[in-house]
Number of protein chains: 2
Amino acid sequence: NHTESVVSAESIPGKSDLKFLRKIVDIIIKEGLIGAMDREERVCEFLQPEDLKAKLKELKINREPSSEDQLTEICKDVIKYSVKTTNPRFFNQLFGGMDQYTLSGAWITEALNSSQYTYEVAPVFTLMEKEVYSKMLGLIGFDGGDAIFVPGGSMGNLYGMNLARYTKFPEIKTKGLYCLDKPLCMFTSEKGHYSIKKSAGMMGLGTENIFPVKTDKLGKMMPEDLRNKINIAKGEGYEPYFVNATAGTTVLGAYDPLSDIADVCKEYNLWLHVDGAWGGSAAVSQKYKYLMNGIEKADSMTWNPHKMMGVPLQCSMFLTKHKDVLQDCHCANARYLFQQDKNYDVSYDTGDKSLQCGRKVDVLKFWMLWKGKGDDGMERDIDHLFMLSRYLANKLKQTAGFRLIQEPECTNVCFWYIPPSLREQEENKEWWDKVAKVAPQIKARMMECGSMMIGYNPDGDLVNFFRMVQSNFDTTTADMDFLVTEIDRLGKDL
Amino acid sequence: NHTESVVSAESIPGKSDLKFLRKIVDIIIKEGLIGAMDREERVCEFLQPEDLKAKLKELKINREPSSEDQLTEICKDVIKYSVKTTNPRFFNQLFGGMDQYTLSGAWITEALNSSQYTYEVAPVFTLMEKEVYSKMLGLIGFDGGDAIFVPGGSMGNLYGMNLARYTKFPEIKTKGLYCLDKPLCMFTSEKGHYSIKKSAGMMGLGTENIFPVKTDKLGKMMPEDLRNKINIAKGEGYEPYFVNATAGTTVLGAYDPLSDIADVCKEYNLWLHVDGAWGGSAAVSQKYKYLMNGIEKADSMTWNPHKMMGVPLQCSMFLTKHKDVLQDCHCANARYLFQQDKNYDVSYDTGDKSLQCGRKVDVLKFWMLWKGKGDDGMERDIDHLFMLSRYLANKLKQTAGFRLIQEPECTNVCFWYIPPSLREQEENKEWWDKVAKVAPQIKARMMECGSMMIGYNPDGDLVNFFRMVQSNFDTTTADMDFLVTEIDRLGKDL
Ligand SMILES: Cc1ncc(COP(=O)(O)O)c(C=O)c1O
Ligand SMILES: Cc1ncc(COP(=O)(O)O)c(C=O)c1O
């Protein structure tokens, strides 16, 4: 019988007082926030996967429900064994930190649970997006353009590649790449983010049809080599269509020379996309926006507030100077969602501009933060991050055993630590092989004691080095002093 | 001077007590949750965009910071004017409802702010994903396969199309579609979700190279017509490679006959992807899983816990039976993130399986819900939703002025309301034109009074009808009775 009358499933009791939720909030505030953000506490409680599995024996979901007491214990363990990305000594990724304005926005978002496709179901957030979009478009000289939140900077870059292709060859959307005489090709620097490669694979363009453009010794794309590669590509029978420049590369933090690159793109009629996922936030700063000179000549940009603007994941934006291309390129006109006979102006429905259908509300937490700080506060905080990196670079230059790879442009500071046993020796192949093993060992020790977290990697010919990045507004110069002392403490016997 | 010593930006004070956050929590609990979930309260407070803009005068972000009192007022307004998707009378989209287990998980996630790419930075969540993946893979007979969270079902469908293509023609990833002799083509039913179209456009496959397969009068894809279309495509020189079947179509809620479709796919060596974004949750139910008979013969599936499993957006999963394809198809081997010399077994790093780089943690809120309820509770709740739809369908058949379009399969119940002025008349073209205008008018009135929200749309030859969908576990049969009375009240003078 399919229709027996059940008054309510009310599968999880307690809707009237939400006592469990209140209890968890107290735990989050005490352990997940105030505790986690305390620099005297451990940044991580590292366990090998098998050991962690043994600790979290309750991971398995059973036939029977779990009691609220069990769930409470689990929540405590989740917090305990998770990495404290909000700690001012977490430097492992291109995000970090937390504040109560943005978190309030995030928690409201989760509680209201909406989807950003129509004004009908997300009226407030639709208007809020408009405000944020127009502000950001203005900052990069894209006034009158269009923008949309995307689930990550990688998706933003994908949007750039897709809109560029649509603009040059709109028929590809309907007919496929088969309608072309020549294969398309793309250009990005050797130091560009791997999302360009992932997108090229998925868009049917082929990863091998990306021409890597050479970078100078600071990691900046060389406009002369771009021109050179475009000519080579044309000579090989390719149809160039897209250039990706980076404002703040992932590892070295280099800003490509946008203005010169834009001039090359203009000459060859190529779409210029700027991947500012990481360093795009410099646009907010009077002091550092010069790093992005020429951005106003680009066609589109990726910009991640979830990296250097202190907003929790995910909060990424794709922006374009061209007004209608997002809509034209992505629309599918689904009648069940974008009815044209609604009781309001349906141009407020933004869903058809997206490749997504349901789209999480990412705007409120960002808007709360920015509104709460004002432009002045946002600018001051971003300047603070840049300042910290300059401070650290200077410090490293003055400290025995540290070797700076280059002066920072973005907030990245890349450096080697040379333990005493390796100092003042001939720097031959064997020596570099030994240096390459230093960072992973220090990192492993750092994870054991949980004092801080910082990433390392090789890059091109450069063997493993530390990549220090700033994105937590609470980090101080004292934390930079600590970092230097701590790496030396962990590594001096190596 | 770039290195002046600033002790701390501490741009937003109050880290030590988080008083502002606590105040907002109280408001969320009172107004955003207990109030919002109360069926006696309004589901929406509809205002035309211009009027809402006038109410929310504080939307503009200024140079100066806003005071905490201002922010508090804004948070109240955000809640007040947002649609209450958690109310048991919100039926407008394929999601709705809220409970304190899942919300606790969501709030912890936001407070801890991590990214799901490496075990290093997300140890607990990585293990939790493994548990959830293997459970879901087991439920659909994909044991030993692989899975990954994606930002929405549309992306899940995109992953299916991409993995299918990679499996048949791995060289497309590197060389692009240019390496093929014949154009690829895809098959999906006329009633399939539009994300297949969006993906085909973006993947360079071309929306016109999708062959729409006919559906029977219940909206189910016809295996004979699939075979027919495959043969036509081959005759036209296409290379067929991908079939999308739907488990729970968006509008009618039809389940395509998976077993028969799988047999056709096997015969022609085509990848079968099942879009179970909406109806896939039937796999949890002993009573309803028969609707998906044959799913174990498919190659991949999309499944959205953010729709029928009560998890807030976004929570979507892509699952495949094939163990290594996600990794092989999507990997880019970025050295800065997926270092191979880390101090743990790096096969726990899942990031390179994704098209994303940073990936929001979507697992905890889902795991908390499922763990808290147990399998039994999850099954009971999903059965409850199916039961409600059967109850409503029966009720509509017995109530004057309502006309059911078809018996429900998934939880969708589609129907027309015929106001008294149109009853017992000749059902000619003019009559249907009049019926088409009924649903939008009732909807507009419904939004004005905020008593409930339900969607409407045309479909094929069928003029505008109401699409009732169940996804809120707190909705009851009494709410179904209310719905019928309310539509009649709002529409009887039309
Ligand atoms: C059948 C079907 N597939 C896919 C989707 C897309 O899911 P999402 O909104 O999570 O992208 C939907 C959304 O309604 C759907 O109904
Ligand atoms: C330069 C650059 N672009 C794009 C991305 C990708 O952004 P997301 O992780 O949000 O996908 C990153 C991530 O680190 C990046 O550094």
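The values are calculated or read from the model by the stated rules, or taken from the named source; none is laboratory data. Note that the coordinates shown come from a computational prediction; the quantities given were computed from them, not determined experimentally. Heads up, the Cβs are rebuilt from the backbone with ideal geometry, glycines too, and the neighbour counts pull from every protein chain shown. Surface areas here come from the heavy atoms of the whole protein model, side chains and all, with no ligands, DNA or RNA. Shrake-Rupley method; radii C 1.70, N 1.55, O 1.52, S 1.80 Å.
Over region B:405-465, the fraction of Cα-Cα pairs per 10 Å bin, rounded to whole percents and listed from the shortest bin up, is 19, 49, 29, 3.
Let me know the whole percent of all Cα-Cα pairs from region A:384-427 that are separated by more than 11 Å. Pairs farther apart than 11 Å: 64 percent.
Inter-copy label distances at residue A:23, using a point 7 Å along Cα-to-Cβ, come to 2.9 nm with the shortest given first. Remark: relative contact order (chain A) = 20 percent; criterion is Cα-Cα distance under 8 angstrom and separation of 6 or more residues. Distances between copies at residue A:345, taken between label points 7 Å from Cα along the C-beta direction, are 5.9 nm in increasing order.
Computed over the alpha-carbon atoms, region B:319-464 gives an Rg to Rh ratio of 1.20, Rh here being the Kirkwood radius from the mean inverse distance.
Straight-line reach only, C-alpha to C-alpha below 16 angstrom: list the lysines that residue A:217 could link to, leaving out same-chain residues fewer than 8 apart. Cross-link targets: A:191. Averaging 1/r over each pair of different alpha-carbon atoms in region A:386-494 and inverting the result gives 14.1 Å, the Kirkwood hydrodynamic radius. Solvent-accessible surface of the protein assembly as shown, taken per residue with a 1.4 Å probe and all protein chains present: 32 Å². Sequence-distant contacts, meaning Cα pairs under 8 Å at least 6 residues apart, place the relative contact order of region B:198-258 at 26 percent. So for region B:241-343, if I pair up every lysine 8 or more residues apart or on another chain, how many of those pairs have alpha-carbons under 23 Å apart? The number of close lysine pairs in region B:241-343 is 12. Normalised radius of gyration (Cα atoms, divided by 2.2 N^0.38 Å) for region B:24-75: 1.39.
Take each residue of peptide B:91-98, count the partner chain Cβ atoms within 10 Å of its Cβ, and average: the result is 4. Taking a ≥ b ≥ c as the square roots of the Cα gyration tensor eigenvalues, with a/c under 1.5 meaning rounded and otherwise prolate when a/b beats b/c, else oblate, which class fits region B:104-182? Prolate, since a/c reaches 1.5 and a/b exceeds b/c. Per residue, chain A reaches -12500 deg cm²/dmol at 222 nm when only DSSP H runs of four or more residues are counted, each adding -39500 (n - 2.57).
Kirkwood analysis of the protein assembly as shown, using all unique Cα-Cα pairs, places the hydrodynamic radius at 28.9 Å. Within chain B, helices built from complete DSSP H runs that reach 30 Å or longer along their own axis (Cα positions) and carry a mean Kyte-Doolittle hydropathy of -0.5 or higher are B:363-397. Note on region B:1-129: Cα-only Rg and Dmax are 19.2, 61 Å. Among the listed pairs A:353/B:57; A:130/A:353; A:168/A:198; B:130/B:353, a Cα-Cα separation exceeding 18 Å is found for A:353/B:57; A:168/A:198.
Against the empirical 2.2 N^0.38 Å (N residues), region A:111-236 has a Cα radius of gyration ratio of 1.32.
Ranked by the mean number of other Cβ atoms within 10 Å of their residues, highest first, the peptides B:440-447, A:456-463 come out as B:440-447, A:456-463. Under the criterion of Cα pairs below 8 Å and six or more residues apart, the relative contact order for region B:229-271 equals 34 percent.
Charged neighbours of residue A:440, selected by a Cβ distance under 14 Å, balance to +3 (K, R count +1; D, E count -1). Around residue B:105, what is the net charge, scoring Lys/Arg as +1 and Asp/Glu as -1 over all other residues with Cβ under 11 Å from its Cβ? With Lys, Arg at +1 and Asp, Glu at -1, the neighbours total -2. Translational diffusion of region B:163-256 was estimated from the Stokes-Einstein equation, with Rh taken as the Kirkwood radius over Cα pairs; at 4 °C and 1.567 mPa s the coefficient is 94 µm²/s. Each other copy places its own label point for residue A:458 at 6.3 nm from this one, sorted shortest first, where the point lies 7 Å along the Cα-to-beta carbon line.
Ordering A:104, B:67 by accessible surface, largest first, gives B:67, A:104; the 1.4 Å probe counts only protein heavy atoms, with every chain in place. Evaluated at q = 0.15, 0.17, 0.24, 0.28 Å⁻¹, a Debye calculation over the C-alpha positions of region A:195-240 (equal weights, vacuum) places log10 I(q)/I(0) at -0.45, -0.56, -0.92, -1.00. Take each residue of peptide B:381-389, count the partner chain Cβ atoms within 10 Å of its Cβ, and average: the result is 3.
Taking every residue in A:123-130 and counting other chain Cβ atoms within 10 Å of its Cβ, the average works out to 6.
Kindly provide the pair-distance distribution of chain B built from C-alpha pairs, with 10 Å bins from 0 and whole-percent values in order of increasing distance. Using 10 Å bins, I get a P(r) of 4, 17, 25, 25, 19, 9, 2, 0, 0 for chain B. Charged neighbours of residue A:150, selected by a Cβ distance under 11 Å, balance to +2 (K, R count +1; D, E count -1).
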